[in-house]
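Here's the structure we're looking at; comments come further down.
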Amino acid sequence: MSNQNEPSNLSNPNIAQMVCDFCQAPCPKWEYSASPYSTLVLGEKLHTGDIVSSPILESDSGWMACQACKQIIESGDRRALAERAVNSVYMEKSEARHALLVGLVLDFHEPFWQSKSEAKEVG
């Protein structure tokens, strides 16, 4: 049950269409500012499962976060955040492949960790 005094993301159509930049959960409630950056990482062809080179991934200056990801970020647990991101998108059975994906996400998140600001509530 929601508190009437709490901002509702559903009342803001822009927020209602957003997803958490970490785990893809709908209607993220928090935003972290961070320096924009680009990085080349390995991507995945989902139809074959082969790991291949992907285009450059870019991050603008804002990262949206759901409540669960915000709590992980505030605890400083980089690995837990990467695990959550991987587990929310991939149903990976292979431990080696899962570990590779977590490592890739850790690398991609590193500039975020280096330049993030305090979380700002949106909505």
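Remark: pairs (first residue in the stretch 70-88, under 13 Å from VAL105 (Cβ atoms) and in a helix (DSSP H, G or I); second residue polar (S, T, N, Q) and at pLDDT below 95; Cβ separation under 8 Å; 6+ apart in sequence or on different chains) = SER88/GLN24.
Does PRO26 count as modelled with pLDDT of 85 or more and in contact with a strand residue (DSSP E or B) (Cβ under 9 Å, 6 or more places away or on another chain)?
yes
If a residue has to be touching a His at 6+ places or on another chain (Cβ under 8 Å), charged (D, E, K, R) and within 19 Å of CYS27 (Cα to Cα) to count, how many in the stretch 71-123 make the cut? Here the count works out to 0.
What is the residue count in the stretch 36-66 for residues that are outside any strand (DSSP E or B), modelled with pLDDT of 55 or more and loosely packed, with under 13 Cβ neighbours inside 10 Å?
The total comes to 2.
The values are calculated or read from the model by the stated rules, or taken from the named source; none is laboratory data. The structure presented is a predicted model; accordingly, all values stated were derived computationally and were not measured. Here the Cβ is made from the backbone with ideal geometry for all residues, glycine too, and neighbour counts use every protein chain on show.
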